[in-house]
Amino acid sequence: MMVAPVREEAGRHEYDGVVQPLDASGVAAGLARIGAAEAPRADAVVEAHLAAFEQAARVRFGRLEAHRWDPVLHVTNLDVSCYDRDYGPAEQRAAARERHLAAWPAAVDAAVRTLDAVSAPVAGIVLPMVRGLGEGLTGADGAARSAVERFAGHLEHLARTGNPDPALGAETLAALMSCGEGDVPDLELLARRAAEESARLDEALVEACADLAPGRPAREVVADLHADRPDGVAALGSEVGALVEELTAFCRATDLVPYTDGELRIGEPPASRRFAMAMMAWAAPDEPDGPSWYWITPPDPTWPDEDVEAWNAVFCRTSLPAITAHEVVPGHLAHARALRRVEAPERRLLHSPAFVEGWAHYAEEMLVEVGFRAQDRRFRLGVVLEALIRVTRLEVAIGLHTGEMSPAEATDRFRVRALLDGVAARSEAERALVEPTYGRYAWGKLAIREAADGARRRWGADFSLPRFHRSLLELGSPPITLLGRALAV
């Protein structure tokens, strides 16, 4: 029931070239097989970890029928960019890609039959992703190209005729956020916690800006900092490489995370993955060790100049260190290196979305606490700016999908609260429609902070961040609601 993520993020390459059946009969057959004739695990926490993912499949595909209204599931199912990563022999990956492309016509037919409840806004947002699937196809891939065109045509139709209201509703959003996390979150409580965190970060923003430029409004200070950035893609790659070296050296010297090894490459993502500004494609835990990719998305050259400017501003020298800490070390890459050492397959292969993103977000702020770039006042401000984006995601996801906020109001929230402009603010707001659970960054960070507080109380004088981080990462990517229980064992 999760073929694509287990293939790519966990490294189970027996699923190379395989598409998940996402029509009604395929989903029903998959759900019927979950947990069949399995004995409970001896470790109760591992059993709870596995149960959270079994329940996630039943909720996502059974109760919510997400395969009918979430076209991203189908895009991910088709995506062959996973074979571009150098995890095995080139001929093996090429053969898997050919098998995968050969399955596209049937998979697209299933998608067209099944996607009958997509809202018009979501169809419009996902349409470029579908078209991106066709980039790089050759003349020999004619059937696959035709399939992509049929899929795009279906989404164009839905963009014209679908429900204009993209809101999922509070109950559906809460159920979706529970997938892989163990329990259904209380959205009202989560919204209050997000508001408290937002207020804390607002104070930190004012303080950091006053420290840098006393008497000037925060937006003016941030606008000036946004203008200070690498000039062009090559310069950006060079500065990112230097940042990776600096962060890695600091984490090794302070023993903040248990593992900082592995090969890292930096480049642009494939077209189907350009929905995020930056992301990590790691060497997965169950595949032979190989390079991981830190993907940085450039602006679309067809955009208006002001949109290109707003997009590039995100990679200014104030924010870039925090973004790189999130994606590389002590964030995603360090987590990926730890996953390779986890023994229990449930923990190694089944990844809580809130833990994965929460850990990387927690890691950014933790660096401020331990003194990384203590003399660089911009680093602290950059961390605050990134945190404001993440907590605004949580507020916007809840607001949009409970119907309390319109897409225009969501865009304005990112502009006012997270100090984003133009296409950057609009892109963040639109992402809530196609990735409704993207509030997991802030949710996961807050949960890890609570787990750290609990460990401090239990361990007393024996508490240290290296010990806490090692204990946490030994759990793999645990469902976020199991953190306290798992660490107490």
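Read the figures in this text as sums done on the coordinates, not as results from a lab. Since we're looking at a predicted model, the values are computed, not measured. As a convention, Cβ positions derive from the backbone with ideal geometry for all residues, glycine included, and neighbour counts pool all protein chains shown.
Considering only the other residues whose Cβ falls under 15 Å of the Cβ of Arg380, what net charge follows from Lys and Arg at +1 and Asp and Glu at -1? Combined, the nearby Lys, Arg, Asp and Glu give -4.
For segment 143-169 and segment 20-81, write down the distance between their C-alpha centroids in whole Å. The distance from the Cα centre of segment 143-169 to that of segment 20-81 comes to 23 Å. Cα centroids of segment 345-373 and segment 429-471: 7 Å apart. Counting charges near Val59 (Lys, Arg +1; Asp, Glu -1) among other residues having Cβ under 15 Å from its Cβ returns a value of -2.
Between segment 198-256 and segment 304-325, the C-alpha centres lie 10 angstrom from each other. Computed over the Cα atoms of segment 377-489, pair by distinct pair, the Kirkwood hydrodynamic radius stands at 15.8 angstrom. Summarising the amide proton neighbourhood of Ala278: residues at separation of 5 or more, or on other chains, whose placed amide H is nearer than 5 Å comprise Thr297. Helical content of the chain, expressed as a calculated mean residue ellipticity at 222 nm, amounts to -19000 deg cm²/dmol (DSSP H runs of 4 or more residues, -39,500 (n - 2.57) each, divided by residue number, nearest 500). In this structure, the amide hydrogen of Leu264, modeled 1.01 Å from its nitrogen in the peptide plane, lies closer than 5 angstrom to those of Ser292, counting only residues at least 5 positions away or on a different chain.
Along its three principal directions, the equivalent ellipsoid of the chain from the Cα gyration tensor extends over semi-axes of 33, 28, 24 Å, largest first. In vacuum, with every alpha carbon of segment 63-204 counted as one equal point scatterer, what does the Debye formula give for log10 I(q)/I(0) at q = 0.09, 0.11, 0.14 Å⁻¹? Two decimals, please. The computed values of log10 I(q)/I(0) come out as -0.40, -0.57, -0.80.
Amide H contacts of Arg12: Arg7, each under 5 Å away and 5 or more positions distant or on a separate chain (H built 1.01 Å from N in the peptide plane; Pro and chain starts excluded).
Membrane-span-like helices of the chain, defined as complete DSSP H segments with a Cα extent of 30 Å or more along the helix axis and a mean Kyte hydropathy of at least 0.0, are identified as 187-212, 233-254, 377-401.
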